[in-house]
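The values are calculated or read from the model by the stated rules, or taken from the named source; none is laboratory data. Note that the structure is predicted; figures quoted are calculated from it, not measured. Here the Cβ positions follow ideal geometry from the backbone for every residue, glycine too, while neighbour counts run over all protein chains shown.
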Ligand SMILES: Nc1ncnc2c1ncn2[C@@H]1O[C@H](COP(=O)(O)OP(=O)(O)OP(=O)(O)O)[C@@H](O)[C@H]1O
Ligand SMILES: [Mg+2]
């Protein structure tokens, strides 16, 4: 899918009203718990309530509600065109739903532009890789930290005062991420020249550079071979485990989804047809029906 | 030998004329790269900047005609003059306000529209600014003097005479224009490579979608880029205005920038510079060598013929990225 959406690039179409304070419902089922592999899952981080998104006559998302909890890996699955990417775009502010509420960290989020959402600590990757092809791997990853830089323009231009110290500090963080994702040997390579699998990894690195509280991955393993998929799975697990980053990801490979995720949302034709642990979802009749006879890769 | 030196003088003069073309082309490229808008109004921007500069410098009352017509007053001048440097700074401020207004009133409402629509909007903008300039500052031809020396440089003549035995005729204004343009380009490069805002600008030019996802506000970048383009236009306006007065024809330098862009590519800053220099030199050399055979005045059309040849054989220009349609 290409993002030919008009509102994503529309600054100022909606007012930048940010957040309205309010409590998150603390139902009985949001008690923190520790997973079998020892990761701590906290309260609700992102709560989507009755989201409906239309493109002209097409209802891409039909009245969907679900939540994402702190520290978990949440998968969104479903056949092609089910509305998964649209859902991720709603979370990251690229699409603005006609109906419904988005709650983040206990606050209701007003209509926000994507760059504002990013500054809240929500980073993402795209289904069709969106990297800065003209820059090196290192520079691409550095852009993930651009909005954190504090020194002023003159200091930066003259490489003066706080600018130098700041740049070095950011570089150190970025180098750590580069080591973590094992891409040291391509640090200086222009991204446009990299093979597909590595591009996906660089995109993940750029998202991580922002030290996000919530990481959104749109088909991080699409088009990869088995070995690359295994690497990517390992990285996703490690990010979640070591940094405690909450992750929402879309994936078609069922094996991968079952291995990685704590909970799964299943979408079909814009509706939510299942929500639960991988085991629950696997045995859900509606889910089985949706996947029968539907060609997907 | 004599012949060779004479040619060298033509080349040097061509290079300096080319600097002017480069400056205007630079404004185009900046805006095109960052927002995909082909800004037809770039030339008028230079005219508007030059008009404003003269107006501020001479203490003209803006909209004097309009105010007088409505209120029956006889305003014309405030009765003061503003020092050149301050006037330039104030004009730069006006160009930033203009960028803000353009984003707010025009671009913001056309987001996501096809490039041709944005292009049409800038045509409208060009006519609007032309009219605004007239109403604000009057339509008469004005002379602009911010203290840049003019006339044949004796130093250059003496220096080249000593070096080669033949004194080059070089206009001091051209020398200054070259130095200032070089400084401007150096500042722009430093800005785009080393500052956070410059990096954000490059990111937006490369992939707006990805830029948004790392927290860059497109709107801020657009205002910034239009402001910079306005400033570049101001510099071009000062050079050109000093040379041949501030009048409507100043906006037509944009037409010379077009062949420069065809040569240099629409997305390349080095391309805009080299393209401008090539056109400047090519024009002068052609006029010098072939001109007399065809009755002269080749400078009027040489650039366009060259651009046409490029369009046929290398449409992406010298430095532009290869145009590949994605399927
Ligand atoms: N910008 C848009 N403009 C118009 N329609 C859109 C837009 N984005 C998505 N859609 C439509 O919304 C529906 C859901 O698309 P979406 O991309 O969210 O599906 P998906 O589940 O991510 O599919 P896939 O597995 O193929 O990536 C589709 O019918 C699609 O055509
Ligand atoms: Mg998708």
TODO: State yes or no: is residue A:216 within 16 Å of ligand 1 (Cβ to nearest atom) and within 13 Å of chain B (Cβ to nearest Cβ)?
DONE: yes
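Kindly indicate whether any position in the range B:184-191 is facing another protein chain (nearest Cβ under 7 Å) and either over 22 Å from the mean Cα position of the chain (by Cα) or part of a helix (DSSP H, G or I) (or both). Can you show your working first?
Looking only at the range B:184-191, we keep the residues that are facing another protein chain (nearest Cβ under 7 Å), and these are B:190-191.
Adding the requirement that they be either over 22 Å from the mean Cα position of the chain (by Cα) or part of a helix (DSSP H, G or I) (or both) leaves B:190-191.
Looking through the range B:184-191, at least one residue is facing another protein chain (nearest Cβ under 7 Å) and either over 22 Å from the mean Cα position of the chain (by Cα) or part of a helix (DSSP H, G or I) (or both).
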TODO: Pull up the range A:234-253, narrow it to residues that are within 16 Å of ligand 2 (Cβ to nearest atom) and surrounded by fewer than 20 Cβ atoms within 10 Å (Cβ to Cβ), then point me to the one that is farthest from residue A:88 (Cα to Cα).
DONE: A:253
Task: Residue identified as closer than 24 Å to residue B:254 by Cβ and crowded, with 18+ Cβ neighbours inside 10 Å among B:125, B:105, B:97, B:110 - done: B:125
- [ ] With respect to residue B:131, determine if the residue is assigned to a loop (DSSP other than H, G, I, E, B) and free of Cβ contacts under 8 Å to residues at least 12 places away in the same chain.
- [x] no
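Based on this model, can you work out whether residue A:193 counts as within 29 Å of residue A:242 (Cα to Cα), outside the structural domain of residue A:56 (by TED's automatic domain parsing) and either over 22 Å from the mean Cα position of the chain (by Cα) or within 16 Å of ligand 1 (Cβ to nearest atom) (or both)? Walk me through how you get there before you give the answer.
Numbers: within 29 Å of residue A:242 (Cα to Cα): no; outside the structural domain of residue A:56 (by TED's automatic domain parsing): yes; either over 22 Å from the mean Cα position of the chain (by Cα) or within 16 Å of ligand 1 (Cβ to nearest atom) (or both): yes.
When the stated conditions are applied, residue A:193 does not pass them.
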Task: Qualifying positions in the range A:201-230 - away from ligand 2 (no atom under 16 Å from the Cβ), surrounded by fewer than 17 Cβ atoms within 10 Å (Cβ to Cβ) and either within 10 Å of the chain's Cα centre (by Cα) or more than 18 Å from residue A:117 (Cα to Cα) (or both) - done: A:225, A:226, A:227, A:230
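Which one of these is surrounded by fewer than 18 Cβ atoms within 10 Å (Cβ to Cβ), away from chain A (no Cβ under 14 Å), in a helix (DSSP H, G or I) and at pLDDT below 90: B:139, B:161? Reasoning before the result, please.
On the way: B:139 fails: in a helix (DSSP H, G or I).
Unique residue meeting the criteria: B:161.
So is residue B:234 over 22 Å from the mean Cα position of the chain (by Cα), assigned to a helix (DSSP H, G or I) and more than 14 Å from chain A (Cβ to nearest Cβ) or not? Working first, answer last.
Values: over 22 Å from the mean Cα position of the chain (by Cα): no; assigned to a helix (DSSP H, G or I): yes; more than 14 Å from chain A (Cβ to nearest Cβ): yes.
Taking the combined requirement at face value, the residue does not satisfy it.
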Task: Residues (more than 9 Å from ligand 1 (Cβ to nearest atom), out of contact with any strand residue (DSSP E or B) (no Cβ under 7 Å at 6 or more places or on another chain) and either on the phi > 0 side of the Ramachandran plot or not assigned by TED's automatic domain parsing to the domain that holds residue A:289 (or both)) located in the range A:76-117 - done: A:93, A:106
TODO: Please identify the pairs in which a residue from the range A:204-221 that is under 13 Å from residue A:148 (Cα atoms) has its Cβ atom under 9 Å from the Cβ atom of a residue that is within 16 Å of ligand 2 (Cβ to nearest atom) and in a strand (DSSP E or B), counting only partners at least 6 apart or on another chain.
DONE: A:212/A:124
Task: Entirely in the range A:50-168, the helices (runs of 4 or more DSSP H) that have 2 or more residues that are within 16 Å of ligand 2 (Cβ to nearest atom) - done: A:84-91
TODO: Given the conditions (1) over 20 Å from the mean Cα position of the chain (by Cα); (2) modelled with pLDDT under 95; (3) within 20 Å of residue A:244 (Cβ to Cβ), report the number of the one that residue A:179 does not fulfil.
DONE: (2)
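So, in the range B:192-201, how many residues would count as being at the interface with chain A (Cβ under 7 Å from one of its Cβ atoms), free of Cβ contacts under 8 Å to residues at least 24 places away in the same chain and either surrounded by fewer than 21 Cβ atoms within 10 Å (Cβ to Cβ) or within 20 Å of residue B:267 (Cβ to Cβ) (or both)?
Going through the range B:192-201, the residues at the interface with chain A (Cβ under 7 Å from one of its Cβ atoms) turn out to be B:194-197, B:199-200.
Retained after the next criterion (residues that are free of Cβ contacts under 8 Å to residues at least 24 places away in the same chain): B:194-196, B:199-200.
Pick out the ones that are also either surrounded by fewer than 21 Cβ atoms within 10 Å (Cβ to Cβ) or within 20 Å of residue B:267 (Cβ to Cβ) (or both) and you get B:194, B:199-200.
Matching residues across the range B:192-201 total 3.
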